[in-house]
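The values are calculated or read from the model by the stated rules, or taken from the named source; none is laboratory data. Bear in mind the structure is a predicted one, so any value in this text is a computation, not a measurement. Don't worry about glycine lacking a Cβ; one is built from the backbone with ideal geometry, like all the others, and counts go over all protein chains shown. With ligands, DNA and RNA removed, areas are computed over all heavy atoms of the protein, side chains included. Shrake-Rupley method; radii C 1.70, N 1.55, O 1.52, S 1.80 Å.
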Amino acid sequence: MLARVALVIVSLGLAGCAAIRRPPPPPELPRAQAAIRGAEREGAGADRRAAMHLALARSELAQARRRLALGDREGARWLLRRAEVDAELSTLIVREAGLRDAARRTLDQASALAGQRE
């Protein structure tokens, strides 16, 4: 009888452990990951300033994952928001550089055309 009671208790304990699930990742995690992938696709690694912000975003993502593993969900969410913003900034820096180059080329072409008219 004692063996059966012990078996039931152990079984219930194991069933309880199996029922405990890790909470789903915060919604900021996929957004931060997507922002980092977007910055990489834009070529952020090729621009010095953009690469710095991209590296910072990657570091913040890694720190957030460590915090999630430790159960610090709020700290992780804060870091994930920062990672997303840094990755987006990286993307914007790359785009700005591209727009500046295009504007410079347009001005050069306009100057060349103006020179031909004279």
Report, largest value first, the span of the C-alpha coordinates of the stretch 74-118 along each principal axis, in whole Å. 66, 8, 5
Take the Cβ-Cβ distance between Arg100 and Gln63 as r, set R0 to 41 Å, and report the resulting FRET efficiency rounded to the nearest 0.05. 0.80
Convex hull volume of the Cα atoms in the stretch 19-82, per residue, in Å³? 71
Accessible surface ranking that places the most exposed of Asp72, Asp108 first, with a 1.4 angstrom probe: Asp108, Asp72
Simple Cβ-charge dipole of the stretch 54-118, Lys/Arg +1 and Asp/Glu -1, about Cα centre, in debye nearest 20: 280
